[in-house]
Amino acid sequence: MRILINFPTNIGDTILALPVLDRLKANYPESEIVAIGSYRTKDFLSKNIFLDKVIVYDKHWGSFLKLKFCLSLKKKFDIVVDLKNSFLPILIGYKKRTPFFRFFSKDMHAKDRYLKIIKNIAPIDEKIKSDFIINNDKEDNFFPSIFIACSSRSKGKTYPKNLLKEVIDNLKKIAPVAILGESADQQYYSDILLDDDIINFVGKTSLVKVFYLLKNYAKLLICVDSSILQLASYIDIPIIALFGPTDERRYGPWSTKYVVLKNEELLCRPCGEGKCNLDYKCMHIQPLAVIEAAKKILNYNENGRA
């Protein structure tokens, strides 16, 4: 049996859809699974052990290239799982496909929405989880650490740097602190990375390497709404998530153990807006609240009590 999964275009939604891949593998363990990804997600998906092949689709292609792409897939798959809800299943043919009409409750988490789409195709809820192949550059001399990922391409999701510095100055006395981020985040973390006690992974890791680091070395992740938050949720490590304009009910952490912190003084959140007349005060979450939540989680992990 051959299964085709049309993954979302961006990396955060693709990570949220990984439980779909796991459920399909559990229901059809001997199947060949092919993914359609974007140029943003190809490298990440190609390292997943449950995927046999990853092919790239670019929404910016012209009509001829899009038609050629669809014809290359025609009648080659038994099951078509379309997480974008496009016309792809109709164009390439199928025996089974995900439904076109989809109804979700307003507050349903994005991960659960994806799983609901395949409920009839993959009814068995067996708990298996994929993994990723990494290169041999493992961190053999690295120690369990508190990981930080509090920057974002969106100003509205970014935790204020001066507040983060206060959090880090306190927590580095408890455990090693490691910073995760893209190259574009160097300026945001610049002052923090001057501290010799801080472990710097900013701009130095692929998302697959971040997966490896979190899975093997994370005592705790402190983060904002980002792809790293979803990746940590998938791995199931302890998380403190700092939320502002986005809705934690739909995009919050889904680990076994997590805390969502938000500015309770503002009634306008979650607004979901990209612009703010209040200078994103919803992200002004008191450092003391973050520090206390971190100490509570770390105490639970090390001593078996909350």
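When Ile5 is evaluated against the numbered criteria (1) in a strand (DSSP E or B); (2) in contact (Cβ under 8 Å) with a residue 40 or more places away in the chain; (3) surrounded by fewer than 20 Cβ atoms within 10 Å (Cβ to Cβ), which criterion, by number, is the only one it fails?
So Ile5 meets the others, but not (3).
Report whether or not Asp107 is surrounded by fewer than 18 Cβ atoms within 10 Å (Cβ to Cβ), within 23 Å of the chain's Cα centre (by Cα) and touching a residue at least 60 places away in the same chain (Cβ under 8 Å). Walk me through it before giving the result.
Working: surrounded by fewer than 18 Cβ atoms within 10 Å (Cβ to Cβ): yes; within 23 Å of the chain's Cα centre (by Cα): yes; touching a residue at least 60 places away in the same chain (Cβ under 8 Å): yes.
Yes, satisfied.
Out of the residues in the range 38-72 that are in a helix (DSSP H, G or I) and polar (S, T, N, Q), which is surrounded by the fewest Cβ atoms within 10 Å (Cβ to Cβ)?
As a first pass, look at the range 38-72 and keep what is in a helix (DSSP H, G or I): 42-46, 63-72.
Restricting the remaining residues to those that are polar (S, T, N, Q) gives 46, 63, 72.
On the way: Ser46: 16, Ser63: 7, Ser72: 10.
By that ranking, first place goes to Ser63.
Among the residues of the range 178-220, which ones are closer than 20 Å to Asn10 by Cβ and in a strand (DSSP E or B)?
none
So, of the residues in the range 73-104 that are of a type in the set (S, T, N, Q) and touching a helix residue (DSSP H, G or I) at 6+ places or on another chain (Cβ under 9 Å), which turns out to be modelled with the lowest pLDDT?
Of the residues in the range 73-104, the ones of a type in the set (S, T, N, Q) are 85-86, 98.
Retained after the next criterion (residues that are touching a helix residue (DSSP H, G or I) at 6+ places or on another chain (Cβ under 9 Å)): 85, 98.
Details: Asn85: 87, Thr98: 94.
Among those residues, the one meeting the criterion is Asn85.
Considering only residues that are basic (Lys, Arg) and modelled with pLDDT of 95 or more, which ones fall in the range 41-62? Walk me through how you get there before you give the answer.
Within the range 41-62, the subset basic (Lys, Arg) is 42, 47, 53, 59.
Residues satisfying the conditions are Lys42, Lys47, Lys53.
Report yes if some residue within the range 145-156 is over 24 Å from Asp43 (Cβ atoms) and assigned to a helix (DSSP H, G or I); otherwise report no.
Looking for residues that are over 24 Å from Asp43 (Cβ atoms) and assigned to a helix (DSSP H, G or I), one finds at least one in the range 145-156, hence yes.
For Leu229, are the conditions met, namely being under 21 Å from Val290 (Cβ atoms), within 13 Å of the chain's Cα centre (by Cα), among the aliphatic types (A, V, I, L, M) and part of a helix (DSSP H, G or I)?
Numbers: under 21 Å from Val290 (Cβ atoms): yes; within 13 Å of the chain's Cα centre (by Cα): yes; among the aliphatic types (A, V, I, L, M): yes; part of a helix (DSSP H, G or I): yes.
When the stated conditions are applied, Leu229 passes them.
Please enumerate the residues belonging to the range 113-146 that are under 16 Å from the mean Cα position of the chain (by Cα), touching a residue at least 24 places away in the same chain (Cβ under 8 Å) and under 19 Å from Tyr251 (Cβ atoms). Break it down stepwise before answering.
Applying the first criterion (under 16 Å from the mean Cα position of the chain (by Cα)) to the range 113-146 yields 113-115, 129-132.
Still in the list and also touching a residue at least 24 places away in the same chain (Cβ under 8 Å): 114-115, 129-132.
Passing the criteria: Tyr114, Leu115.
Pick from Glu273, Glu248, Glu265: which is outside the structural domain of Pro8 (by TED's automatic domain parsing), of a type in the set (Asp, Glu) and within 18 Å of the chain's Cα centre (by Cα)? Let's see the steps before the verdict.
Details: Glu273 fails: within 18 Å of the chain's Cα centre (by Cα); Glu265 fails: within 18 Å of the chain's Cα centre (by Cα).
Every option except Glu248 fails the conditions.
The values are calculated or read from the model by the stated rules, or taken from the named source; none is laboratory data. Note that the structure is a prediction, hence the values are computed from the model and not measured. No Cβ is skipped: glycine too gets one built from the backbone with ideal geometry, and neighbour counts run over all protein chains shown.
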